[in-house]
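The values are calculated or read from the model by the stated rules, or taken from the named source; none is laboratory data. Worth saying up front: this structure is predicted, and the values here are computed from it rather than measured. Counting neighbours? That spans all protein chains shown, and the Cβs are built from the backbone with ideal geometry, glycine included.
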């Protein structure tokens, strides 16, 4: 039995092929955010545990059983690997007074951590990118975020991602609804599963999005939250729907969509794909107008979303999408005394001119080096042997075309290299 150490369960190595696809996706995402005026923010992986307990909610699954929490022995304080980034972004905005001079549009990307049962599309270390629009109270920015996502799916060439939308009103409206919902669920408690019975006494609204058919049958007869909404909440939701209709974004109102975090109010939404099996949510978000005050800041509106990188990568692969990995422009082959130093110097000159060039390493015959050059995907092999060294020249051999090889002067090669790649 091998005693080799392996990666922690649920935390995966991202190997070069996928890493290149992710880098391509990150570039597309960064440019997309910039077009909408969102600026980057980065927050620590570690936060004080109290941040997430206060923001996400003590009775949520995340806080109850999914967070990676430990005591820092040096300072005797409880720390947690971030399970999501909205709480961290709002904490940073409060700490650094980011909205003192007006609203801000921010975006982030990076790893999150939840102690879940690993399965396809759900890991213990997972990557997200997301947006947080801080200080915008109206439905216009809710609509902007949703329209942004629709534009990204189109740019990525991804089809079949549908939008589900709901409003969960204000905390006061939910409190009135909660009392009636609990009475209904208690009247049918024998038909609820273990999770639903537990949530009945801690977070009953989460019972609404149960996937258990028996629980769904009970929920179908429950009172509707929408009946408890006041004029302001209804107007906000109507305004959002009007803007989405004007933008041509189709959606389905799902009255049972509540999301799993306590800080949400009013708008909640999810983008869902049927191509991912059980883990079909690609992107989700909503409004969290009370979170600033909840974390000790001045009352400030907020709305945002987060998208799962691993799930998007799976969809990109299935659709055959993604940027092609950049292959080297040139591969330096050398053989004979003194040729390594010359090849080394030439490689640096070409890279300084903006070209991707691989210098052969590890020794080997000229024939084996040429096999490595061909396998690298490079367009040109740049050959320096003792004859080339004496003649102050380089032999340039095309690897992807039938053009003849040629010997060119070593001096000025970097300046000519772009033309050599074109065959001129």
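Which residue is nearest to residue 339 (Cα to Cα), if the candidates are limited to the stretch 366-403 and must be touching a strand residue (DSSP E or B) at 6+ places or on another chain (Cβ under 8 Å) and assigned to a loop (DSSP other than H, G, I, E, B)? Taking the candidates together, the pick is 392.
What are the residues in the stretch 1-51 that are assigned to a loop (DSSP other than H, G, I, E, B), closer than 26 Å to residue 91 by Cα and touching a strand residue (DSSP E or B) at 6+ places or on another chain (Cβ under 9 Å), if any?
36, 37, 38, 41, 42, 43, 45 - these are the residues of the stretch 1-51 that are assigned to a loop (DSSP other than H, G, I, E, B), closer than 26 Å to residue 91 by Cα and touching a strand residue (DSSP E or B) at 6+ places or on another chain (Cβ under 9 Å).
Would you mind stating whether residue 133 is assigned to a helix (DSSP H, G or I), closer than 24 Å to residue 102 by Cα, in contact (Cβ under 8 Å) with a residue 60 or more places away in the chain and in contact with a helix residue (DSSP H, G or I) (Cβ under 6 Å, 6 or more places away or on another chain)?
Numbers: assigned to a helix (DSSP H, G or I): no; closer than 24 Å to residue 102 by Cα: yes; in contact (Cβ under 8 Å) with a residue 60 or more places away in the chain: yes; in contact with a helix residue (DSSP H, G or I) (Cβ under 6 Å, 6 or more places away or on another chain): yes.
Here the answer is no, as residue 133 does not meet what is asked.
The condition of being farther than 15 Å from residue 396 by Cα, modelled with pLDDT under 95 and over 29 Å from the mean Cα position of the chain (by Cα) holds for only one of 320, 338, that being 338. The residues on offer are 76, 72, 101, and the sole one that is without any contact (Cβ under 8 Å) to a residue 60 or more places away in the chain, touching a strand residue (DSSP E or B) at 6+ places or on another chain (Cβ under 9 Å), more than 19 Å from residue 284 (Cβ to Cβ) and surrounded by fewer than 18 Cβ atoms within 10 Å (Cβ to Cβ) is 72.
Need at least 3 residues that are over 22 Å from residue 61 (Cα atoms) and in contact with a helix residue (DSSP H, G or I) (Cβ under 6 Å, 6 or more places away or on another chain) per element, so show me which helices (runs of 4 or more DSSP H) inside the stretch 180-269 make the cut, counting only ones lying wholly within it. Spell out the reasoning first.
Details: elements: 194-200, 213-220, 231-247.
In the stretch 180-269, 231-247 are the helices (runs of 4 or more DSSP H) which contain 3 or more residues that are over 22 Å from residue 61 (Cα atoms) and in contact with a helix residue (DSSP H, G or I) (Cβ under 6 Å, 6 or more places away or on another chain).
Close contacts from the stretch 104-127, counting a first residue that is at positive phi and assigned by TED's automatic domain parsing to the domain that holds residue 31 and a second that is buried (at least 18 other Cβ atoms within 10 Å of the Cβ) and in a loop (DSSP other than H, G, I, E, B), with Cβ to Cβ under 8 Å and a gap of 6+ residues or different chains, come to 110/85.
Applying the selection to the stretch 114-123, what residues are touching a helix residue (DSSP H, G or I) at 6+ places or on another chain (Cβ under 9 Å) and assigned to a loop (DSSP other than H, G, I, E, B)? Let's see the steps before the verdict.
Going through the stretch 114-123, the residues touching a helix residue (DSSP H, G or I) at 6+ places or on another chain (Cβ under 9 Å) turn out to be 114-116, 120-123.
114, 115, 116, 120, 121, 123, listed by residue number.
For the stretch 356-365, what are the residues that are free of Cβ contacts under 8 Å to residues at least 24 places away in the same chain and either assigned to a helix (DSSP H, G or I) or within 40 Å of the chain's Cα centre (by Cα) (or both)? Within the stretch 356-365, 361, 362 meet the criteria. Is there a residue being more than 30 Å from residue 280 (Cα to Cα) and touching a helix residue (DSSP H, G or I) at 6+ places or on another chain (Cβ under 8 Å) anywhere in the stretch 365-378? There is no residue in the stretch 365-378 that is more than 30 Å from residue 280 (Cα to Cα) and touching a helix residue (DSSP H, G or I) at 6+ places or on another chain (Cβ under 8 Å). Counting only residues that are assigned to a helix (DSSP H, G or I) and touching a helix residue (DSSP H, G or I) at 6+ places or on another chain (Cβ under 9 Å), the stretch 311-350 holds 14 of them. Only one of the numbered conditions (1) over 22 Å from residue 58 (Cβ atoms); (2) outside any strand (DSSP E or B) is violated by residue 172, and that is (1).
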